[in-house]
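The values are calculated or read from the model by the stated rules, or taken from the named source; none is laboratory data. This structure is a prediction, so every number in the text was calculated from the model and none was measured. Heads up, the Cβs are rebuilt from the backbone with ideal geometry, glycines too, and the neighbour counts pull from every protein chain shown. SASA here: full protein model, heavy atoms, side chains in, ligands and nucleic acids out. Shrake-Rupley method; radii C 1.70, N 1.55, O 1.52, S 1.80 Å.
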Amino acid sequence: MYGIADLDNCYVSCERVFRPDLKGVPVVVLSNNDGCVVARSNEAKAIGVKEGTPYYQLAELFPNNKIAVFSSNYELYGELTGRVISIIRKETPAYFRYSIDECFMYLDGIALEQLQTWGERLQKRVKREVGIPISIGLAPNKTLAKIASKLAKKFEAYNHCCMIDTDYKRERALEWCPIDDVWGIGRRYAAKLQSLGCKTALDFAKHHKDWVRQTFNDINIVRTWQELNGEDAVPNEELAKKKSICTSRSFNGMIDDFETLRTNVSNYAARCSEKLRLQNTVATTVGVFVNTNAFREDLAQYWNFQETRLITPTNSTIPIVSAACDVLQKIFRQGYKYKKAGVIVMGIGPESPIQQDLFDLNAEQIEKMRRLDKVIDRINRLNGSETIVIGAQQYTLKETDEHEQNQNCMETTGCKHAKPKIKVDVFANAIKHDFKSPNPTTRWSDIIKLK
């Protein structure tokens with residue numbers, strides 16, 4: 001049997017952990033730079049707030065509702081969801097973290113008749129120890145487990161844990177599930193299936209396997225069909241294998257100078273490196289893309305993407321940032337106002353063994369980089385993200401901020417020509433986040449003070 005633990009309204013639930021007064025209140029979390037709604041509480045959904053609603057329209061669309069608004073705080077979300085995963089690690093024989101708010105569990109070794117009780121107990125423990133509600137789906141395969149978790153989340157009668165263990169339950173669940181809500185069926189295939197008369201998962205599952213093969217000629221959708229019919233067809237290794245990692249952001253405003261653009265790209269590349277190290281993998285290729293604002297038809301438009309191959313696969317921050325900056329240098333064009341950039345690392349494989357190049361082999365340097373990354377990751381984990389970053393990641397302060405810093409420095413040192421040694425700011429402060437909550441679990445400066 002498989003299980004999946006799905007955190008209910010993940011971002012909103014994390015914000016509510018330290019704001020219990022928001023229980024029963026409509027809550028939304030905004031995207032980077034406070035652009036649009038990316039997460040909603042059930043109360044916000046009930047009054048009609050749609051995902052993707054621009055923040056500036058909320059007051060106009062819902063003038064009679066008091067909505068609590070938060071900027072995205074991924075440091076808080078990552079830390080709290082990590083605590084949930086640590087509990088799951090202790091309770092399950094094996095698991096695989098699928099996303100920030102979902103975790104597959106392999107439940108061999110737990111008796112079938114005990115699974116329902118086990119799932120309900122796990123849900124209560126997570127709620128008691130972390131404060132975040134989760135829904136658990138149990139089934140003979142991963143696709144059915146995903147559907148079961150949706151049922152557990154939708155209907156209170158399941159007590160946050162739904163198990164599909166008979167054909168009768170499977171068919172009733174598939175009959176309830178819309179075809180575009182099935183894990184593994186994207187928007188394009190969902191639209192095609194709907195045009196062919198498959199409105200629910202059950203409609204699709206009733207077709208013959210040969211029809212699925214001839215219609216789609218895609219092994220992945222055939223596997224989805226098999227799982228809907230009760231088979232265990234999606235290999236576990238398919239989940240663990242990520243072909244690429246992308247970090248990208250839209251800017252707060254537009255950027256027209258290379259230095260600022262390079263700083264953003266450096267931060268995205270550093271984030272990709274951290275993700276590679278977290279999953280013990282390395283990348284062979286680094287790609288960078290930039291684009292202007294397509295909605296500003298009055299401005300000149302430009303888009304470009306290029307990639308470079310690393311001689312030796314790595315997950316170290318410095319060589320990946322360096323490669324990303326080299327690519328940016330090639331695709332940057334003066335005279336355009338850029339709205340978005342991103343870094344993609346590809347050719348991902350395990351970090352050991354690494355296929356090295358004969359002419360790039362420098363074991364001592366590779367070991368130094370590995371130790372440096374290990375130390376920086378540890379310091380940032382213990383003292384808050386971006387406590388230490390490399391120079392290329394640092395943003396130049398605005399002129400007014402720099403002036404204030406000069407004044408403070410002169411007052412401190414008594415030297416008229418004194419200049420601050422630090423001229424910079426970090427990525428977390430460079431994006432717009434007017435409604436960002438504190439990080440009491442990761443930063444001493446935000447620790448909760450009792451009166």
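Just list whichever of K146/K340; K45/K340; K150/K451; K275/K330; K169/K275 have alpha carbons separated by over 31 Å in the model shown.
Listed pairs above 31 Å: K146/K340; K150/K451; K169/K275.
Sorting check: for 107-119, 139-151, which peptide has the highest mean count of neighbouring beta carbons within 10 Å, and how do the rest follow?
139-151, 107-119
Once every Cα of the stretch 1-81 carries one equal point scatterer and solvent is ignored, give the base-10 log of I(q)/I(0) from the Debye formula at q = 0.22 Å⁻¹, two decimals.
-1.02
With all protein chains present and a 1.4 Å probe, how do I164, I348, I447 order by accessible area, largest first?
Order by accessible area, largest first: I447, I348, I164.
Go ahead and collect, in residue order, the members of the stretch 296-340 whose backbone nitrogen is under 11 Å from a label point 7 Å along the Cα-Cβ direction of M254.
296-302, 335-340
Taking the inverse of the average 1/r across all pairs of different Cα atoms in the stretch 92-185, what Kirkwood radius in Å do you get?
Mean inverse Cα-Cα distance, inverted, gives 13.7 Å.
If packing is taken as the mean number of other Cβ atoms within 10 Å per residue, what is the order of 316-323, 302-309, highest first?
316-323, 302-309
Once fully extended, how much extra length lies between W211 and N42, figured as 0.36 nm per residue of separation less the alpha-carbon to alpha-carbon distance?
56.9 nm
Filter the DSSP H helices in the chain by two things, a Kyte-Doolittle mean of at least -0.5 and an axial alpha-carbon span of 20 angstrom or more, and list the hits by number.
Span-like helices, by this rule, are 74-91, 317-331.
Provide the solvent-accessible area of Y98, counting protein heavy atoms only and rolling a 1.4 Å probe, rounded to the nearest 10 Å².
80
If you roll a 1.4 Å probe over the stretch 288-359 with all protein chains in place, what percent of the accessible area is carbon or sulfur?
Reported share for carbon and sulfur atoms: 53 percent.
Could you check the simple spin-label distance between W444 and R381, using points 7 Å along Cα→Cβ, in nm with one decimal?
About 1.9 nm separates the two model spin labels.
Order these peptides, 63-72, 40-49, 7-16, 258-267, by their mean beta-carbon neighbour count within 10 angstrom, highest first.
Final packing ranking: 7-16, 258-267, 40-49, 63-72.
Return the inverse of the average 1/r over all pairs of distinct C-alpha atoms in the stretch 221-296, which is the Kirkwood hydrodynamic radius, in Å to one decimal.
15.9
Please provide three numbers in whole Å: the alpha-carbon extents of the chain along the principal axes, with the largest listed first.
Principal extents (Cα only, largest first): 81, 63, 50 Å.
For the chain, what does the accessible surface come to per residue with a 1.4 Å probe? Please give it in Å².
55
Tell me the accessible surface of H160 in square angstrom (1.4 angstrom probe, heavy atoms of protein chains only), to the nearest ten.
60
Wrap a convex hull around the Cα atoms of the stretch 180-322, take a quarter of its surface area, and give that in square nanometres.
12.6
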